[in-house]
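The values are calculated or read from the model by the stated rules, or taken from the named source; none is laboratory data. Keep in mind that this is a model prediction, so the values were computed, not measured. Cβ placement follows ideal geometry from the backbone for every residue including glycine, while neighbour counts extend to all protein chains displayed.
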Amino acid sequence: MPFVSLKTNITIDDFTKIEIKQTFGELIKILPGKSEEWLMVEIDDRKDLFFKGSKESAAMIEVKMYGGANQNSLDNFTSKITDFISQKILIPSSRIYVSYFSTNDWGYNGSNF
C-alpha cells in the first residue's frame, strides 16, 4: 500500500505526469512487497516551494507505505527516483528531497489491514 507524492515548484504538463506515474509504478517494485497494483501517486506542481532560500526548481518526494523496507531498498529507491526526476523534469538532484513514512496502520475499503 504505497503512496508516493511529488511536490515541485515547476509546471509539469499532463503527458509528463503520466510518464512520471508510470515510472513510479515501475520503481516501486524496488521496495519489497510493493507493486503498482496498490500504488497511489500524487503529482502536485506549481507549488510555492523554496529550498536553500531560493525558488529555483526543487522537488519533495514523500513515500508512505504500509509496513517498511530495508535500508538497501530505500537507498536504491532514493537513487533511482532522484535520477529519474532530475532527468525527466530537469531538477538538479541536489534540489530533491526524498522522505519515507512507514506505518502498521493503513485503512482501505472501510477497514484496516
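Look through the stretch 91-113, keep the residues that are at pLDDT below 95 and of a type in the set (A, V, I, L, M, F, W, C), and return whichever of them is surrounded by the most Cβ atoms within 10 Å (Cβ to Cβ). Filtering the stretch 91-113 for residues that are at pLDDT below 95 and of a type in the set (A, V, I, L, M, F, W, C), the one surrounded by the most Cβ atoms within 10 Å (Cβ to Cβ) comes out as W106. Taking the criterion of being out of contact with any Lys or Arg (no Cβ under 6 Å at 6 or more places or on another chain), within 21 Å of S99 (Cβ to Cβ) and either part of a helix (DSSP H, G or I) or in contact (Cβ under 8 Å) with a residue 60 or more places away in the chain (or both), the residues of the stretch 18-35 that qualify are I20, K21, T23, F24, G25, E26, K29, I30.
Looking across the stretch 19-64, the residues that are under 10 Å from the mean Cα position of the chain (by Cα) and acidic (D, E) come down to E42, E62. Checking the stated criteria, T11 turns out not to satisfy the condition of being more than 26 Å from N109 (Cβ to Cβ), exposed (fewer than 15 other Cβ atoms within 10 Å of the Cβ), touching a residue at least 40 places away in the same chain (Cβ under 8 Å) and of a type in the set (V, I, T).
Taking the stretch 39-69 as the range and being at pLDDT 95 or above, outside any strand (DSSP E or B) and either within 16 Å of M1 (Cα to Cα) or of a type outside the set (G, A, S) (or both) as the test, the residues that pass are L39, D45, R46, K47, D48, L49, F50, K52, K55, E56. Each residue in the stretch 1-42 was checked for being of a type in the set (D, E, K, R) and under 16 Å from L74 (Cβ atoms), and 2 pass. Residues that are more than 11 Å from I61 (Cβ to Cβ) and not basic (K, R) were ranked within the stretch 75-90; the one that is surrounded by the most Cβ atoms within 10 Å (Cβ to Cβ) is I89.
Restricting the first member to the stretch 50-67 and to residues that are over 30 Å from Y108 (Cα atoms), and the second to residues that are surrounded by 11 or more Cβ atoms within 10 Å (Cβ to Cβ) and of a type in the set (S, T, Y), the beta-carbon pairs closer than 7 Å and six or more apart or on different chains are A58/T8.
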